[in-house]
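Pasting a structure here, questions to come.
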Amino acid sequence: MPTVREALAEAAQVLRSSGIDTARLDAEVLLAFVLKVSRTDLYVKNDRVIPNNKLREFLAAVARRSRREPVAYITGEKEFMSLPFLVNRKVLIPRPETEVLVEWVIERAGDSQVIVDVGTGSGAIAVSLATYLPKARIWAVDISDAALEVARENAARLGVRERIQFLNSSLLDGIPAGLDGKVDWIIANLPYIPSAEVSWLQPEVSQYEPHTALDGGGDGLYLYRELVIRAYEVLATGGWLCLEMGTGQTEGLTKLLPEERWGEGIQVLQDYAGLDRFIVIRKKT
Ligand SMILES: C[S@@+](CC[C@H](N)C(=O)[O-])C[C@H]1O[C@@H](n2cnc3c(N)ncnc32)[C@H](O)[C@@H]1O
């Protein structure tokens, strides 16, 4: 039976030959997951022999990864905003860049704000905001029941289930009319990849993540085009609309928010790579 060091070297080699750039890291994450230890423990005890049943589990995980399944779907977990989120193939794996937007909102949202997360997926945005803004009232909307199930479970595990209303709705259609003009923040990370580009994405994304979480129609802005109309009615005066977008969509998305309606205050925020990634705008007062 191989030691930790030997198994890691072998697995990294298999993953590298499948074209995975992060082969060694992925092998470590998968072995740590199977052995239920930290990655640091793997280094400290790298002469430890891996028991047979664990070795079988590890080899199965490596085989899945070598078919380009994302690590997070294999482990069933992804960290976002320092919180452990359950994920499965019904939800997009939360991306680190989305944390930039969530942090931006947390820094600015005062007490007792009403927040709507449109296209909640795993609940990454809604659950993080509920955790870090303990007085906020939050609505989490998705068109996918399976995604809402994951989001509800994440909220329950992280102790904020009672503070979030989950709603199966297309965009803001199901938001009660009583909330019109009362919402302080609408945050949306909706599908924004142009349809023709979905199949060009990395196999981890195009073959494993749900296309309802990726495909944003012809130019990628199909859903945002519709969202901004109702968002204006739902937002309170002075409320914020915050949208995540793809590279190259700044101009197209800006055009959906005309100055005569929304005012001049459009801001473009960058992600960790310095790319335009978010548009935020405040409904004029
Ligand atoms: C890009 S994922 C974002 C998930 C999560 N907010 C995040 O940042 O990790 C987009 C989500 O929007 C949902 N969605 C797609 N079309 C929708 C629609 N018309 N109304 C509401 N949600 C929609 C998808 O089911 C998916 O969960």
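Could you please state how large a percent of the accessible area of the stretch 4-67 is carbon and sulfur, counting protein chains only and using a 1.4 Å probe?
Solvent-exposed carbon and sulfur of the stretch 4-67 make up 54 percent of the total.
Which whole-number percentage describes the relative contact order of the chain, with Cα contacts under 8 Å and a sequence gap of 6 or more?
RCO, the chain: 13 percent.
Ranked by accessible surface with a 1.4 Å probe, highest first, in what order do T3, T254, T237 come?
I get T237, T254, T3, largest accessible area first.
Please compute, for the alpha-carbon atoms of the stretch 25-152, the extent along each of the three principal axes and give them in descending order in Å.
Computed over the stretch 25-152, the largest-to-smallest principal extents equal 53, 31, 21 Å.
Sort out for me the Cα centre separation of the stretch 108-161 from the stretch 244-283, rounded to whole Å.
Rounded to whole Å, the Cα centres lie 23 Å apart.
Determine which lysines satisfy two conditions relative to K54: a Cα distance under 16 Å, and not lying fewer than 8 residues away in the same chain.
Leaving aside lysines fewer than 8 places away in the same chain, those within reach of K54 are K36, K45.
I've got another one for you. How many Å² of accessible area per residue for the stretch 4-67, probe 1.4 Å?
57
Right, next: Rank these residues by their accessible area, most exposed first, probe 1.4 Å: K45, K54.
K45, K54
Sticking with this structure for a sec: Pull out a ≥ b ≥ c, the square roots of the eigenvalues of the alpha-carbon gyration tensor of the chain, then state rounded if a/c is under 1.5, prolate if not and a/b is larger than b/c, and oblate in the remaining case.
Here the chain falls in the prolate category.
Is the shape of the stretch 164-285 best called rounded, prolate or oblate, per the rule: a/c under 1.5 gives rounded, else a/b larger than b/c gives prolate, else oblate, with a ≥ b ≥ c the square roots of the Cα gyration tensor eigenvalues?
In terms of gyration-tensor shape, oblate.
Ranking request for peptides 257-264, 123-130, 87-94: highest mean number of other beta-carbon atoms within 10 Å first, then the rest in descending order.
Taking the mean over residues of other Cβ atoms within 10 Å, the ranking is 123-130, 87-94, 257-264.
Taking a ≥ b ≥ c as the square roots of the Cα gyration tensor eigenvalues, with a/c under 1.5 meaning rounded and otherwise prolate when a/b beats b/c, else oblate, which class fits the stretch 4-67?
Taking the square roots of the gyration eigenvalues as a ≥ b ≥ c, the stretch 4-67 is prolate.
Considering the options L256, I20, V4, tell which one lies farthest towards the positive end of the dipole of the chain, charges being +1 on Lys and Arg and -1 on Asp and Glu at the Cβ, about the Cα centre.
Toward the positive end, the furthest listed residue is V4.
Please report, as a whole percent, how much of the solvent-accessible surface of the stretch 139-285 comes from carbon and sulfur atoms (probe radius 1.4 Å).
Exposed carbon and sulfur together represent 50 percent of the surface.
The values are calculated or read from the model by the stated rules, or taken from the named source; none is laboratory data. All values reported here derive from a predicted model rather than from experimental measurement. All Cβ positions, glycine included, derive from the backbone under ideal geometry; neighbour counts span all protein chains shown. The accessibility values were calculated without ligands, DNA or RNA, using every heavy atom of the protein model including side chains. Shrake-Rupley method; radii C 1.70, N 1.55, O 1.52, S 1.80 Å.
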